[in-house]
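One structure below.
The values are calculated or read from the model by the stated rules, or taken from the named source; none is laboratory data. Because the structure is predicted, anything quoted here is derived from the model rather than measured. Quick reminder, even Gly has a Cβ in these numbers, built from the backbone with ideal geometry, and neighbours come from all protein chains shown.
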Amino acid sequence: MAGPADRVDVAIVGAGPVGAALAALIAPTGRSVRVLEARGGPSGDARTLALSQASRDLLESAGGWPASGVTPITEIHVSQKGGPGRTLITAADQGLAALGYTVAYAELEEILAARLAARISWGAACEAIDLEAGIARLRLAGSGTVEARLLVLADGGANARRIPGLAYSEKDYGQVAVTGPVHADRPHRGRAYERFTSRGPVALLPVGERFALVWTATPAEAARILALDDAAFLAELQAHFGDRAGRFIAAGSRASFPLKLRSVNTTIALRTVIAGNAAQAMHPIAGQGLNIGLRDAAGLAGLLEEDPKGDPGAAALLESYRLGRRRDAGRGVAFTDFLVGAFMDGRRLPTWGRGIALTALDILPPARRWLADRMIHGAPRS
């Protein structure tokens with residue numbers, strides 16, 4: 001637990017992948033850093049994360065890439081139900097070993113926690129935040145006070161209300177993601193699937209010898225799907241998705257979460273940076289959310305490294321961060337929101353239009369490269 005009146009250069013609220021990765025990037029620079037997490041320890045979250053090659057590179061540089069629980073994604077098959085057009089994006093076509101990777105959240109959490117060790121204060125719930133010209137002061141529930149020259153909120157927005165001037169805009173897609181493991185009767189060979197339907201996208205991500213399923217549905221449909229037994233669930237998934245991944249033969253426990261787009265009005269405040277899902281939370285359709293959050297961490301760490309003895313919370317540095325991240329994060333939000341609308345709303349892009357777009361991706365290598373670069377790097381390579 002953090003002691004009373006602890007003083008550090010950088011205090012990070014939130015020990016999720018973004019906050020922990022940022023701390024791991026900062027620690028070798030000689031700056032003192034403390035991660036404050038309300039939970040009593042690692043969450044043991046059962047989710048599967050989809051990370052780009054760029055995110056792997058970042059985590060490796062931070063000493064936070066798991067040695068196990070990782071599956072390369074070497075191909076992405078994209079199609080639409082009820083219409084023509086499909087495309088296949090391959091790592092070989094892009095000159096890469098893999099387009100991305102699936103990673104067990106718990107494995108990533110564990111290795112980052114071990115990397116940071118005593119720099120993480122577990123059970124350190126933030127009770128109040130006071131921002132002054134020279135310091136950010138955090139009062140922790142039952143565990144004293146932490147003072148920092150720079151405060152980073154990487155807590156999913158849990159403490160945003162404590163920062164004057166912060167506000168969120170939110171768009172509810174009226175959708176729920178049903179998630180869980182499924183097994184098919186043939187090996188995936190590193191291929192992921194994204195299938196667009198009028199009811200929302202269905203994604204299958206290779207994980208070990210199985211798939212991680214993300215099935216988008218309306219709230220009522222999701223409730224019905226979650227109530228199905230395994231046999232009925234697999235039969236409905238087969239009918240909805242088709243047989244391109246094989247025959248689905250087994251399923252694990254299912255969960256769900258609502259799908260919304262949320263973004264903060266500014267990513268900086270007095271001596272404060274807002275990063276990761278605290279800055280932007282988006283639909284998982286293109287796997288952008290965590291990858292953008294990790295680029296937030298890399299961007300801030302890079303600025304701090306440029307002037308290792310300077311004031312980490314200086315207004316000029318924070319403004320450089322805001323400007324540097326605005327374009328990438330904004331593009332990610334816009335790209336994701338466009339895909340949701342284009343492949344669900346026939347008024348924006350009719351079935352034949354989507355078919356033409358997918359066919360163009362399939363026959364035009366530059367178009368495939370553009371899409372792959374968008375998903376891997378956030379912007380086309382120069």
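Listed values, structure above:
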item: Some residue of region 81-98 being within 23 Å of TRP122 (Cα to Cα), charged (D, E, K, R), in contact with an Asp or Glu (Cβ under 8 Å, 6 or more places away or on another chain) and not in a helix (DSSP H, G or I); result: no
item: Filter result for VAL103 (in a strand (DSSP E or B), surrounded by fewer than 24 Cβ atoms within 10 Å (Cβ to Cβ) and among the aliphatic types (A, V, I, L, M)); result: no
item: Candidates PRO187, PRO181, PRO206 - the one that is without any contact (Cβ under 8 Å) to a residue 60 or more places away in the chain and either at negative phi or crowded, with 22+ Cβ neighbours inside 10 Å (or both); result: PRO187
item: Positions within region 109-119 being of a type in the set (A, V, I, L, M) and in contact with a helix residue (DSSP H, G or I) (Cβ under 6 Å, 6 or more places away or on another chain), in sequence order; result: LEU112, LEU116
item: Residue that is nearest to ALA92 (Cα to Cα) [pool: residues in region 186-218 that are in a loop (DSSP other than H, G, I, E, B) and small (Gly, Ala, Ser)]; result: GLY190
item: Of all residues in region 251-266 being touching a Leu at 6+ places or on another chain (Cβ under 9 Å) and surrounded by fewer than 17 Cβ atoms within 10 Å (Cβ to Cβ), the one that is nearest to VAL214 (Cα to Cα); result: ALA255
item: The one condition in (1) in contact with a strand residue (DSSP E or B) (Cβ under 7 Å, 6 or more places away or on another chain); (2) in a loop (DSSP other than H, G, I, E, B) that PRO72 fails to fulfil; result: (2)
item: Residue selected from region 64-82 under the condition surrounded by fewer than 19 Cβ atoms within 10 Å (Cβ to Cβ) and more than 18 Å from the chain's Cα centre (by Cα), by the criterion nearest to LEU22 (Cα to Cα); result: ALA67
item: When residues of region 9-56 are limited to those that are among the β-branched types (Val, Ile, Thr) and surrounded by 19 or more Cβ atoms within 10 Å (Cβ to Cβ), the one modelled with the lowest pLDDT; result: THR48
item: Count - residues of region 112-129 that are hydrophobic (A, V, I, L, M, F, W, C), closer than 14 Å to ASP6 by Cβ and crowded, with 16+ Cβ neighbours inside 10 Å; result: 3
item: Some residue of region 325-337 being modelled with pLDDT of 90 or more, surrounded by fewer than 21 Cβ atoms within 10 Å (Cβ to Cβ), of a type in the set (Phe, Trp, Tyr) and under 27 Å from VAL176 (Cα atoms); result: no
item: Single residue of region 267-289 satisfying the filter (surrounded by 23 or more Cβ atoms within 10 Å (Cβ to Cβ), outside any strand (DSSP E or B) and of a type in the set (A, V, I, L, M)) that is modelled with the lowest pLDDT; result: ILE285
item: Criterion (out of contact with any strand residue (DSSP E or B) (no Cβ under 8 Å at 6 or more places or on another chain) and either more than 16 Å from LEU22 (Cα to Cα) or not hydroxyl-bearing (Ser, Thr, Tyr) (or both)) met by exactly one of ALA250, ALA298, ALA275; result: ALA298
item: Number of the condition not met by GLY40 [criteria: (1) within 22 Å of ASN291 (Cα to Cα); (2) out of contact with any Asp or Glu (no Cβ under 8 Å at 6 or more places or on another chain)]; result: (1)
item: Subset of region 213-222 (residues that are hydrophobic (A, V, I, L, M, F, W, C) and either farther than 14 Å from ARG47 by Cβ or at pLDDT below 95 (or both)); result: VAL214, TRP215, ALA217, ALA220, ALA222
item: Residue ranges of strands (runs of 3 or more DSSP E) in region 130-185 with at least 3 members under 30 Å from ALA235 (Cα atoms) and out of contact with any helix residue (DSSP H, G or I) (no Cβ under 6 Å at 6 or more places or on another chain); result: 168-184
